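Comments concern the structure below.
The values are calculated or read from the model by the stated rules, or taken from the named source; none is laboratory data. Small disclaimer: the values here were computed from a predicted structure and weren't measured. Using ideal geometry, Cβ is built from the backbone for each residue, glycine included, and neighbour counts are taken over all protein chains shown. In case anyone asks, the SASA skips ligands and DNA or RNA and just uses the protein heavy atoms, side chains included. Shrake-Rupley method; radii C 1.70, N 1.55, O 1.52, S 1.80 Å.
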Amino acid sequence: MASGRYGKSATMKYAILLIPRNTPYWEIKEAHALAETAGYSIVDTLRYRRLSRSKILSDAKLEELVQLVNKYIEYSPTIILFDDMKPREYFKIVKKTRREVIDRTLLLLEIFALHAGSKEAKLQIELAKLHHQLPLVREAIRLAKLRELPGFLGPGTYAIDAYYKHIVSRISRIKNQLENLRRRRAIERSKRSSKGIPHVSIVGYASAGKTSLFNKLTGFSKPVGEEYFTTISPKVGSTVSDGLKIAFIDTVGFITRVPPEIIEAFHSTLEEVAYSDIIIYVVDLSEPEDVMLEKLGEGISTLRRIGVVGKPLVVAANKIDLVGEETEINRLSRIVESVVSSTYPAFKSLVPISATKGDGIGELLWTTTKLLKSMVKYTF
Ligand SMILES: Nc1nc2c(ncn2[C@@H]2O[C@H](COP(=O)(O)OP(=O)(O)OP(=O)(O)O)[C@@H](O)[C@H]2O)c(=O)[nH]1
Ligand SMILES: [Mg+2]
């Protein structure tokens with residue numbers, strides 16, 4: 001397949017994707033989208049049945065992987081293991097294949113690193129990477145002591161120990177820097193709210209159309225894109241509606257099973273959500289119904305995890321231009337409405353929109369403004 005479909009290019013990165021057998025089809029699509037967003041061309045895919053929590057691949061499967069690596073060796077493929085990997089497993093695969101191996105968390109971090117514009121986002125990503133590396137380095141120390149580390153990874157116990165110490169001190173320096181940036185942001189936020197400006201966070205699954213909506217509401221032209229995680233750090237923009245100035249905040253997209261290191265690293269984005277007055281939840285209504293509902297459930301659980309289920313929420317049922325039929329738009333809207341109202345206590349209303357065509361934007365803004373004005377703080 002490699003020599004046919006993929007003309008080998010010097011700048012392109014290639015990968016073999018390893019993905020658990022029980023992964024639903026939409027998550028397989030998501031894995032491909034994420035790999036492509038990170039700049040990889042997938043030359044082949046290998047499915048496996050996870051053996052246990054700590055052991056992923058059987059010896060036979062590992063052998064199959066080695067053969068696949070040999071088959072595509074001219075592409076120098078990276079191995080993407082779309083799973084959570086224990087350090088022991090990592091070194092085992094590296095030792096056998098002698099290829100770079102990344103897991104799902106590192107893949108996400110590679111994408112974040114590509115998109116991170118602000119100093120804060122860059123620091124957060126570095127912090128997440130360092131946290132992710134710690135157990136690997138611990139395992140490397142253990143293996144070095146046992147003299148089991150493969151040659152090209154084996155810089156010796158002393159060097160690994162020193163590297164471990166370097167990581168630990170770098171982590172604490174970054175945490176301090178982030179704390180300072182966070183404080184500065186809190187000051188800016190309180191300046192905005194002391195001027196009586198209400199905050200509305202725009203949240204939703206990756207690629208639902210949050211930035212497209214943000215741009216329509218604020219007149220900005222922040223980048224939008226089909227790939228995942230176009231937006232990493234929160235953006236604020238304001239608009240005046242019926243005499244009320246409103247600050248809208250565009251946020252990073254939700255995704256299934258967000259690794260804990262990343263949740264912590266993206267604390268600041270979620271922090272903006274926690275401080276907002278209202279949440280606009282963007283749903284991509286044009287996706288297959290089961291996928292849409294799966295992602296919706298994941299998003300609501302994310303909101304629950306960050307403790308904001310008490311905040312008034314308006315659903316923007318987006319991409320209605322792709323759904324077409326009005327009866328179908330209504331049917332899907334009712335389904336979304338019933339799911340959200342039964343799982344999110346402060347659900348207020350649903351407005352069907354097309355963020356790119358502009359349909360329903362006026363109604364969404366009007367609904368949001370009316371809701372804000374009904375809140376005691378913003379009556380005047
Ligand atoms: N047809 C159609 N496409 C849309 C609509 N809204 C967004 N899109 C497209 O959907 C893709 C994702 O849009 P974004 O606005 O970047 O989505 P996002 O939620 O900000 O994505 P991330 O920041 O990556 O999480 C882009 O290709 C948009 O052009 C819509 O109403 N109709
Ligand atoms: Mg975006």
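Restricting the stretch 128-174 to residues that are among the basic types (Lys, Arg) and open to solvent by 60 Å² or more (accessible area, probe 1.4 Å) leaves a set whose member that is modelled with the highest pLDDT is Arg173.
Once the stretch 240-251 is narrowed to residues that are among the β-branched types (Val, Ile, Thr) and surrounded by 18 or more Cβ atoms within 10 Å (Cβ to Cβ), the residue that is farthest from ligand 1 (Cβ to nearest atom) is Ile246. Taking Thr239 as the residue in question, decide whether it is hydroxyl-bearing (Ser, Thr, Tyr) and in contact with a helix residue (DSSP H, G or I) (Cβ under 6 Å, 6 or more places away or on another chain). In short, yes.
State yes or no: is Pro198 modelled with pLDDT of 85 or more, open to solvent by less than 60 Å² (accessible area, probe 1.4 Å) and either over 30 Å from His32 (Cα atoms) or within 16 Å of ligand 1 (Cβ to nearest atom) (or both)? Yes; evaluated as a whole, the condition is true for this residue. Answer yes or no as to whether Glu294 is under 20 Å from the mean Cα position of the chain (by Cα), open to solvent by 40 Å² or more (accessible area, probe 1.4 Å) and touching a residue at least 60 places away in the same chain (Cβ under 8 Å). Yes: the conditions hold for Glu294. Number of residues in the stretch 227-250 that are within 11 Å of ligand 2 (Cβ to nearest atom) and either outside the structural domain of Thr302 (by TED's automatic domain parsing) or out of contact with any Pro (no Cβ under 6 Å at 6 or more places or on another chain) (or both): the value is 9. Within the stretch 305-327, not a single residue is over 17 Å from Phe214 (Cβ atoms) and within 16 Å of ligand 2 (Cβ to nearest atom). Checking the structure you have, find out if any residue of the stretch 252-272 is part of a helix (DSSP H, G or I), more than 8 Å from ligand 1 (Cβ to nearest atom), more than 24 Å from Ala33 (Cβ to Cβ) and at pLDDT 80 or above. No, the conditions are met nowhere in the stretch 252-272.
The single condition from (1) among the small types (Gly, Ala, Ser); (2) modelled with pLDDT under 95; (3) in contact with a helix residue (DSSP H, G or I) (Cβ under 8 Å, 6 or more places away or on another chain) that Ser286 fails is (2).
Among residues of the stretch 59-81 that are assigned by TED's automatic domain parsing to the domain that holds Ile102, those with a beta-carbon under 6 Å from a residue that is in a helix (DSSP H, G or I) and open to solvent by 80 Å² or more (accessible area, probe 1.4 Å) at least six positions away or on a different chain give the pairs Leu62/Lys96; Val66/Lys96. Asp84 passes every criterion in (1) assigned to a loop (DSSP other than H, G, I, E, B); (2) without any contact (Cβ under 8 Å) to a residue 40 or more places away in the chain; (3) surrounded by 13 or more Cβ atoms within 10 Å (Cβ to Cβ) apart from (2). Checking Leu244, Leu217, Leu181 one by one, the residue that is modelled with pLDDT of 85 or more and closer than 16 Å to Ala316 by Cα is Leu217 and no other.
Of the residues making up the stretch 205-222, those that are more than 18 Å from Thr368 (Cα to Cα) and more than 7 Å from ligand 1 (Cβ to nearest atom) are Tyr205, Phe220, Ser221, Lys222.
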